Amino acid sequence: MQSSEGFVAGMPPCRRPDSLFSAIRTRFAAGLLALFLMPIAAQAADIPMTLEGGISATLNMPDSTEPVPAVLLLHGFGSSKDEVGGLYARVATALAQKGIASLRIDFAGFGKSDGDTGATTIDSQLAQAKAAFAVLKGTKGVDSKRMGVLGFSLGGGVATLLASGQPMEIKSLVTWSSVGDFQADMLASLGQKAFDRAKEDGVVGLDLGWRTIVLKQAFFDSLSNYKLDDAISTYPGAYLTITGSKDFSAQYADRFIGLAKNTAKEAMVIPEGDHIFGVLGQDQAMADGVVAKTADWFAATL
């Protein structure tokens, strides 16, 4: 078997139906777009880091003489720490302008992090998120009592699990286009053939459009280990979910807000919005609105 950058030997990659990842097939091109969209000031404030296990990370610290709140950013499936269209780089800048630090990471096997995508499971990404959160919480200049987390797509599910598992440490949770049911949403996205191939062979190759990856059966098994309804209903902190009306994630917005315990809760459903908030188009109004809303939310709740 080749590395996660290639196909499983002797097995063609599975192509998926249009669903969760249909809007992000062009993420490879988004890397180029991000270079133009990212403000120069953000690059000057970014501090590259390598966490335990070879996890690549970027710390963004605002200029402050007092301890500042901080937010951990968790990317979506197959993506990387700056996210499609540089959205996470942009939100890091917006947060810093409001005096909020942030740490964004590449999950193992993605972006610049070490590791093989074949080792990816929900459990492993949650463990990496916990480790990164501990690093951010212990960073000099960070107020450990004012911590938040943001997750995009599959990373939204991981962020929700992280928040519910550390309810006294994470004051505010924001999710963008988040999965609402790991098993059902990944089945709809990857297709039954991918699930069947992994079950039969123990491994499956996937063509994401901008790269190919390998997933093992352990990933598919891990999808049933967690219920996001339970996680939302037990998390006591502030909660904001942002989704486009045309995205699959919109179906979960009302239910999750109903389950959320804190009075500081809101569902922002963007009319005509897609999974990635139109970030690859010329009109950046929708993406800019999501970034601004997120920064304002954390400023108000941390």
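Every number here is computed from the coordinates shown, using simple stated rules; none is lab data. Keep in mind that what you see is a predicted model, and the values were worked out from it rather than measured. Don't worry about glycine lacking a Cβ; one is built from the backbone with ideal geometry, like all the others, and counts go over all protein chains shown.
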Anything over 25 Å Cα to Cα? Flag those among 140/265; 98/140; 130/216; 216/265; 98/145, in the order listed. 140/265; 216/265
Once you have the Kirkwood Rh of segment 105-157 from its Cα pairs, apply Stokes-Einstein at 10 °C and 1.306 mPa s and quote D in µm²/s. 130
Taking every pair of alpha-carbon atoms in segment 188-228, what share in percent sits in each 5 Å bin, from 0 to the bin with the longest distance? 6, 22, 30, 25, 13, 5, 0
Full-stretch length increase - residue 183, residue 134 - with 0.36 nm per residue and alpha-carbon distance subtracted: 14.8 nm
Förster radius 35 Å - calculated FRET efficiency between residue 261 and residue 119 (Cβ-Cβ, nearest 0.05): 0.55
Where does the chain land at 222 nm, in deg cm²/dmol rounded to the nearest 500, when only DSSP H runs of n ≥ 4 count, each adding -39500 (n - 2.57), divided by all residues? -11000 deg cm²/dmol
Size descriptor, Kirkwood hydrodynamic radius, that averages inverse alpha-carbon separations across segment 113-225, Å: 15.3
Using only the Cα atoms, what convex hull volume per residue in Å³ does the chain have? 112
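Which is the longest run of the chain containing none of the GluC sites (Glu not before Pro) found in DSSP loop states (not H, G, I, E, B) with at most 13 other C-beta atoms within 10 Å? Before the final figure, lay out each step's value.
On the way: sites that count: 5, 52, 272.
Result for the longest clean stretch: 53-271.
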Pairwise label distance in nanometres, residue 296 with residue 192, each label 7 Å out on the Cα-Cβ vector: 4.5
When you have a sec, figure out the Kirkwood radius of segment 189-266 from all distinct Cα pair distances and drop it here in Å to one decimal? 15.1
How high is the relative contact order of segment 103-257, in percent, with contacts defined as C-alpha pairs under 8 Å that are six or more residues apart? 25
Check cross-link reach from residue 171 to the aspartates and glutamates: straight Cα distance under 13 Å, and skip same-chain residues fewer than eight apart. 143
If you count the DSSP beta bridges with both ends in the chain, what percent of them are antiparallel, to the nearest 5? 35
Cross-link partners among aspartates and glutamates for residue 261, C-alpha distance below 20 Å, same-chain residues fewer than 8 apart left out? 169, 181, 229, 230
If one compares the long axis through the Cα atoms of helix 285-301 with the longest principal axis of the Cα atoms of the chain, the angle in degrees, nearest 10, works out at 60
